[in-house]
Amino acid sequence: MQMRIDWNEPIIRKEQVLQIQLSDLDDFYVAASDFDKMNIFFVLLTSFHHYQDQGDRETAAHLGYLMACYLFRTLTPPGSCELAMHYISQAISLHPLTIYKEWADKIQQGN
C-alpha cells in the first residue's frame, strides 16, 4: 500500500490505519523529505490519541505498534528504545497481539 498523507488532516482514517504495515512506513521514509519523515510520526501520534480517546482500542494499538517500530528501527532518535518501549507497551495493553509482544522483545534487546 502506498501511504498518502493529507498534511491538513492530522488523523488517519481508521480503514487506512489498519492497512498500514511496517513496509509501508519504510517505503514512505525512503521517498519522503526530511521534514515529512518526522511529520509522519506526529500524524501517527495524533491519530493514536484520537482513537484512544474514542475507545477504539484495536486501532489505537495498531498505531502504537507502528510508532514503536518507526521510532526503534527507522528514526532512531535519542531515547528511541525507551520511547519505542513505551508505545509498544501501550499497544500490548490495548490489544495484546503476538506480533506486538514479539516487537517488545526485539525492542528490549536494543538497537
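Brief remarks follow.
- Pairs with Cβ under 8 Å, 6+ apart, first in segment 81-97 and surrounded by fewer than 22 Cβ atoms within 10 Å (Cβ to Cβ), second among the charged types (D, E, K, R): Ile92/Lys101; His95/Arg57; His95/Glu58
- Considering segment 32-51, the residues that are under 11 Å from the mean Cα position of the chain (by Cα) and farther than 15 Å from Leu18 by Cβ include one that is surrounded by the most Cβ atoms within 10 Å (Cβ to Cβ), namely Ile40.
- Filter result (touching a helix residue (DSSP H, G or I) at 6+ places or on another chain (Cβ under 8 Å) and either farther than 13 Å from Leu63 by Cα or of a type in the set (Asp, Glu) (or both)) within segment 100-111: Lys101, Trp103, Ala104, Lys106, Ile107, Gln108, Gly110, Asn111
- Members of segment 52-72 that are part of a helix (DSSP H, G or I), more than 8 Å from the chain's Cα centre (by Cα) and in contact (Cβ under 8 Å) with a residue 40 or more places away in the chain: Gln52, Glu58, Thr59
- Taking the criterion of being surrounded by fewer than 15 Cβ atoms within 10 Å (Cβ to Cβ) and either touching a Phe, Trp or Tyr at 6+ places or on another chain (Cβ under 6 Å) or part of a helix (DSSP H, G or I) (or both), the residues of segment 98-110 that qualify are Thr98, Ile99, Lys101, Glu102, Asp105, Gln108, Gln109.
- Matching residues in segment 13-27 - criterion: being in contact (Cβ under 8 Å) with a residue 12 or more places away in the chain, under 16 Å from Ala68 (Cβ atoms) and not acidic (Asp, Glu): Val17, Ile20, Gln21, Leu22, Leu25
FYI, it's all coordinate maths here, none of it is from the lab. Here the structure is a predicted model, which is why all the values come from computation and not from measurement. Cβ coordinates were reconstructed from backbone atoms using ideal geometry, including for glycine residues, and neighbour counts include every protein chain displayed.
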